[in-house]
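Report on one structure; see the data block that follows.
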Amino acid sequence: MNKREFIQKFGLVGLATYSLPGDIIYDKNKFNLPLFKTEDDLWKTVRGHYSLKPDYINLENGYYNIIPNPTLYKYIEHVKTINFEGSYYMRNSLEDDNLKLRKRISNWLSCDKKNIIITRNTTESLDLIIGGYPWEKGDEAIYAEQDYGSMKLMFEQVSKRYNIKTKVISIPNHPSSDEEIIRLYESQITKKTKLLMVCHMINITGQVLPIKKICEMAHSYGVEVMVDGAHCIGHFDFSIGDLNCDYYGSSLHKWLSAPLGAGLLFIKEKHIAKIWPLLAGHSTGFNGIKRLNHLGTNPVHVHLAINNALDYIEWVGIKRKEKRLKELQNHWIQNLKNVSNVEINTPLAFTKSFGIGNVGIKNIPPKIMAEQLLKRFKIFTVAIDYANVKGCRITPNIYSSIDEIEIFIDAVKKLAS
């Protein structure tokens, strides 16, 4: 299909100024991606798969990772297919496709499909657990002030509704060891503690926490662990099964680069029956996870495109992506960590962070720093000014180039001086 046929077929006037990358062989069933000779060739090819807005350098991919065009074109195909088949698809194919997708994701994450449901995002996933947990008066929950605001607000809601107590710790930006973090959580556990919420990767700094160790500690006290993995699936290589957590939520429209509105929830099988659903599913049994997953008239074309996002990341390679994101992060951190007035708010060790980082400048409020980066240097970031963190979150993507990182480094040095 040539460019004119593509535009006519989909009626997308906005694409009229965009040329399809020459290395994408597109048909209605699949996309084929080229082989590459060197790592540099790969990343140049990857960059060509994205339609990038020329107004600024985008270093704020943490909120939402835009979709590479091979995935985008398949997504558009799914929209047209669902619209073409209408109710016939919803009544005849929806359940089967959902099951196949859950099976594929569970295989990719080394867990069982009977423990996985597809949601809209991490907030929906984890709020389902917080709100659906069988709380009793006097129960206690623990989380960190660095956790995501929506889940903290949900804990405040249930604390008022069920008269439970919440305890809040603070994670240091540069902990001395895993044990220091574990002790922080452990110090708040009592006989009344039921649930501990912990970030796999803290969204404002990129710090990766020792989830498996925290789970082992909490389980020794009979406490369940709910993990916020919003920024982890598609970001670096790991297995949910290896973490031994009780609940795990993630947003697939972040680092997996699925379309907006794609999330995931994992629940250990033994806990499924006790969680009350946010929206009651059609399953009448209390032991199956389908009772927590009301499919209804969801945007199923988004769900179908998760498969294509997996295709793309499998072509790139999750370990290769992990390495690239760490290289981009390491490049700017190493060039800024010893600059006067610059403060790095992210641990430097490889296993403690990956693509997300945070940098601040002394005596410049984060909001002003972000505004100056955009106004003076055409670099888009997000300001973070709470929970011990004062700086801008820096989240390049695999389409980002070293040249763009160099521009960012130079900009921060000028602001710091």
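The values are calculated or read from the model by the stated rules, or taken from the named source; none is laboratory data. This structure is a prediction, so every number in the text was calculated from the model and none was measured. Cβ: placed from backbone, ideal geometry, glycine included. Neighbour counts: every protein chain shown.
Every residue, every condition in (1) under 24 Å from GLU406 (Cβ atoms); (2) assigned to a helix (DSSP H, G or I); (3) free of Cβ contacts under 8 Å to residues at least 12 places away in the same chain, yes or no:
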| residue | (1), (2), (3) |
| --- | --- |
| THR297 | no, no, no |
| ALA305 | no, yes, no |
| GLU314 | no, yes, yes |
| GLY355 | yes, no, no |
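The requirement of being over 30 Å from GLY360 (Cβ atoms) and free of Cβ contacts under 8 Å to residues at least 24 places away in the same chain is satisfied by SER220.
Being aromatic (Phe, Trp, Tyr) and surrounded by 15 or more Cβ atoms within 10 Å (Cβ to Cβ) is the filter here; which residues of the stretch 61-74 pass it?
The answer is TYR73, and nothing else.
Scanning the stretch 275-287 for residues that are modelled with pLDDT under 80 and surrounded by 15 or more Cβ atoms within 10 Å (Cβ to Cβ) yields GLY281, SER283. Selection within the stretch 304-314: residues that are more than 15 Å from ILE76 (Cβ to Cβ) and touching a Gly at 6+ places or on another chain (Cβ under 9 Å). The member of this set that is surrounded by the fewest Cβ atoms within 10 Å (Cβ to Cβ) is LEU310.
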